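Please read the structure below before turning to the comments.
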Amino acid sequence: MLAPILGFERPRLTAEQQSRISKLRKARLGRIALHGLAMLSMGSVLTALIALRTAILCLAR
């Protein structure tokens, strides 16, 4: 049986298939969250290095 979704037809999934897809989505979201956290951390380190460099250059004058 096909269920209409936004004008498209797709086959209904069994409970096992939905569970597997749900686990894959959770894993993907977890990876995205870790990548986002890594980017924020790198941005913070870069900002701190720029501030340190600026302070050193200002003190050297």
Notebook entry, point to check: Restricting attention to the stretch 46-61, which residues are loosely packed, with under 10 Cβ neighbours inside 10 Å and either aliphatic (A, V, I, L, M) or part of a helix (DSSP H, G or I) (or both)?
Noted result: Ile56, Leu57, Cys58, Leu59, Ala60
Check: For Pro11, which of the numbered conditions (1) at pLDDT 80 or above; (2) surrounded by fewer than 10 Cβ atoms within 10 Å (Cβ to Cβ) fails to hold?
Finding: (1)
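The values are calculated or read from the model by the stated rules, or taken from the named source; none is laboratory data. Bear in mind that the values here come from a model prediction, so they are computed numbers and not experimental data. Cβ atoms come from the backbone with ideal geometry, glycine included; neighbour counts cover every protein chain shown.
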